[in-house]
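To start, the structure under review is shown below, and the notes come after it.
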Amino acid sequence: LDMQDEQVLIFGNPRAGTPLMVARPLVGLDLPLRVLVWSASDGHVWASYEDSAFIARRYGLPDGLEKNISAVAAVVEAALRAQL
């Protein structure tokens, strides 16, 4: 089978993620955070990930805990800019 190039990047910080999993154990399904980096048939490279606000809503995280994982967008953007 032929498939486009892709990689899953996994990252996290126990100090950030543990309070979320203590508050809502099922959030462990989305932690550590993951980013799928893949190339489309036209040669463009994409990075896809779950937004921290979406994760917070999905699991009903208590107020203030989303900030623990909100850096994902900035981390992905910085990594992509570094590759340009």
Using a Gaussian network for the chain with springs between C-alpha atoms less than 10 Å apart, which of these wobbles most: 41, 52, 70?
-> 41
Of the options 7, 83, 20, report the single residue whose Cα projects farthest towards the positive end of the charge dipole of the chain (beta-carbon charges: Lys, Arg +1; Asp, Glu -1).
-> 20
Any idea how far the Cα center of the range 1-23 sits from the one of the range 31-83, in Å?
-> 9
Can you tell me how much longer the chain between residue 83 and residue 10 gets when fully stretched, taken as 0.36 nm per residue apart minus their C-alpha distance, in nm with one decimal?
-> 24.5 nm
Just one of (i) 14.5; (ii) 13.9; (iii) 12.6 is Kirkwood radius over Cα pairs in Å as worked out from the coordinates here. Which one is it?
-> (ii)
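Can you give the relative contact order of the range 6-83 as a percent, counting alpha carbon pairs under 8 Å and 6+ residues apart? Write out the running numbers ahead of the final one.
Working: 81 pairs, mean separation 23.0, N = 78.
It rounds to 30 percent for the range 6-83.
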Per DSSP H run of n ≥ 4, the term is -39500 (n - 2.57); total these for the chain, divide by its residue number, and report the mean residue ellipticity at 222 nm rounded to 500 deg cm²/dmol.
-> -10500 deg cm²/dmol
Round to the nearest 10 and give me the degree value, 0 to 90, for the angle of helix 72-83's Cα axis relative to the longest principal axis of the chain.
-> 30
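Each value in this text was obtained by applying a stated rule to the coordinates, not by laboratory testing. What you see is a predicted model; the values in this text were computed from it and never measured. Heads up, the Cβs are rebuilt from the backbone with ideal geometry, glycines too, and the neighbour counts pull from every protein chain shown.
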